[in-house]
Each structure stands twice: as structure tokens, then as C-alpha cells.
1. Taking Val35 and the conditions (1) among the β-branched types (Val, Ile, Thr); (2) under 16 Å from the mean Cα position of the chain (by Cα); (3) over 21 Å from Tyr252 (Cβ atoms); (4) away from the ligand (no atom under 14 Å from the Cβ), which numbered condition does it fall short on, given that it satisfies the others?
2. Is there a residue being away from the ligand (no atom under 13 Å from the Cβ), buried (at least 21 other Cβ atoms within 10 Å of the Cβ) and farther than 14 Å from Gly130 by Cβ anywhere in region 50-57?
3. From the list Gly78, Gly37, Gly52, pick out the single residue that is over 26 Å from Val125 (Cβ atoms) and not assigned by TED's automatic domain parsing to the domain that holds Lys254.
4. Say whether the condition of being closer than 23 Å to Lys278 by Cβ, assigned by TED's automatic domain parsing to the domain that holds Leu122 and more than 16 Å from the ligand (Cβ to nearest atom) is met by at least one residue in region 9-24.
5. Would you mind stating whether Leu80 is surrounded by fewer than 18 Cβ atoms within 10 Å (Cβ to Cβ) and either within 12 Å of the ligand (Cβ to nearest atom) or without any contact (Cβ under 8 Å) to a residue 60 or more places away in the chain (or both)?
6. So which residues in region 124-136 are touching a helix residue (DSSP H, G or I) at 6+ places or on another chain (Cβ under 8 Å), of a type outside the set (Val, Ile, Thr) and without any contact (Cβ under 8 Å) to a residue 24 or more places away in the chain?
7. In this structure, is Val47 within 15 Å of the ligand (Cβ to nearest atom), without any contact (Cβ under 8 Å) to a residue 60 or more places away in the chain and among the aliphatic types (A, V, I, L, M)?
8. Could we say that Cys255 is closer than 26 Å to Lys55 by Cα and not in a helix (DSSP H, G or I) here?
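The values are calculated or read from the model by the stated rules, or taken from the named source; none is laboratory data. Bear in mind the structure is a predicted one, so any value in this text is a computation, not a measurement. Heads up, the Cβs are rebuilt from the backbone with ideal geometry, glycines too, and the neighbour counts pull from every protein chain shown.
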Amino acid sequence: MVVIAIHEIGHLVAGLIQHAQLHFLTWWFLIAIQVNGKIKIMINENVFLALGTTKMYFKSKKDIKNLKRKLLLNYIGGPLINLVVAVIMLSYRAIEPNIQLTSSDSYSYFLILNLIIGIITLIPVEGTDGGEIVSLMKKSNAEVVDDYTVQYLYYKAIEDIQEDEFLWLEKKVTAASNDDEVFSIAILKAHYHINKKNYDEASTSLIFAQKIVSSEIQQKILGFYNSLIKSLIQKEMNEEYIEQLKEINFWYGKCMYSISLNILKQNSSDYKKICISKNEVYKEMVDPHQQMILLKALNL
Ligand SMILES: [Zn+2]
């Protein structure tokens, strides 16, 4: 666990040196997440992020310069620091021969773990730092900047997104290459429209994405938000919307679950509210747009 903390700190430092902003960092049971410019440290309840994840982003358009190199350094930061620690420990042993490398002592154990984590995270498969580095290398500069622009708009406050920027996103989603991108842009678009009280358009964005993504979980989450919007405008809930809400169980997180139950019971007061504070929403959702939509639905 300490070795993973070292790894995440490596990413964090590499990012901070390049003036990137922290979105969130998880380590085992802790999550540090930036909400409205402040870092909140809370208990992490998201099992998928439990091992350790650091997500950072560039806030200003000026950061586009040398973007590819900056992103590469961010990914390398984590594995690099594990390997550096391992090398320092190895060389320390070399000058201090009293320290024996055996399989049982904690010095060797720590050294080997650092080596293992450093190397494993560099293996270029999907989801590792190595994988991210390889996919980044394959992209042209223009593609990297395009992805960056999506990300830049994604972290921008919804009120500040300009019409032309939004249109650019609309075009981008039809050309989006992967599920995650389609999913995040759909949520962003829904939030944008909800903010402007264009509920029908918000719903259209979600339905569009629901047809494209192949992940069943993402389809269900998009369906959940669509049903939520229908309930926000007090539309007659037809069978389809009700079914979509019934799909949301406790594993989707207690806030989503709580909202679904509440709508299904037609806002009756006999159900127990299990998501009662803003912090619980922040903990459950790392996505700033989903956070805002849930807070609105929960009247928090
Ligand atoms: Zn990493």
C-alpha cells in the first residue's frame, strides 16, 4: 500500500510540476477530490478506484503547448518514482554491504515491491500507465489537442461553456471513437441542457448515447439520467422509464439508488433517505457533471 502511495505521489508531482490541476486521487480507502476549487479528502467507497488512481487535467488553453510531452511525463511519473526508489535502495545496499538481500526482511520486500509495481504499471495493456503511454504515442498532435479540448470543456463550469464550444462538442460526439468518450460527452450535454432548462434536448442526448455505447452499465446509467429528467419535468412516467429506474441497485452507489427508489415511490416520505449530504454525492461520483445533476435531483 505504501508502494502504491509512492506511485500515485509520483503522478501527482509530475503533474504539479507542469501546472496541471488535480481532479482526484484515490489510494485504498481515501479519496482526495477537487470540488469547486477546494480539495476534499474523504473515505473512498468506489471499489474500482480502490487500488490507486490519479487524475489530473490542464486548466488553461495555454497548456496546449507541448501537450503530448506533458501528458507523457504525467504517466511516466508514477512508475518512474517506484523504479527510482528501487534503484536508490539497491545502490544503498551496494555501499552498505551489511544489509543482506533475503526474501524475508522488510528492506528487500519493499525494494522488490517497488520494482514490481514500477514494471507492472509500465506493461502496455489497457488501463495501465504503459497502455496510456502507448496510445498517446500513436496519436498525432492534432488528435491529442482534440482530446484535450474535450477534457478542457469537461472541467469547465457548465455556465461558462460558450455556444460555439458546445457546437464543437456536438460534432465531436458523432465522431467519438470510444464508449467512455460518448458517455462523458452525453452526460456533459445533458447537464448543459438541464442547466438551460431544455429538458427534452437533455433527454435526446442521453438516448442517442445509450444506443451507441456497448457497455451495459453505461447504458443503464444513461437510462437512469433520462428517467430522472422525465421525473424532473413531472412527465407521466411510462413503463420504460420505470423499468430503467428499477435497474439501478445499491451497487450503482447509494445516491443513485436513493434517487431511483424515491422516484419509483413517487416521492413518498416513507422511504428512508440514504444520501443526505453533498459530501456523499462527491464521494460517490468523481464526474463533476453527474455530481451536479444528482445534487439538483436531491435538492442539496
Ligand atoms: Zn500509475
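1. Failed condition: (3).
2. No, the conditions are met nowhere in region 50-57.
3. Going through Gly78, Gly37, Gly52 in turn, the sole match is Gly37.
4. Taking every residue of region 9-24 in turn, at least one turns out to be closer than 23 Å to Lys278 by Cβ, assigned by TED's automatic domain parsing to the domain that holds Leu122 and more than 16 Å from the ligand (Cβ to nearest atom).
5. Numbers: surrounded by fewer than 18 Cβ atoms within 10 Å (Cβ to Cβ): no; either within 12 Å of the ligand (Cβ to nearest atom) or without any contact (Cβ under 8 Å) to a residue 60 or more places away in the chain (or both): yes.
So Leu80 fails the test.
6. Selection gives Pro124 alone.
7. Taking the combined requirement at face value, the residue does not satisfy it.
8. no
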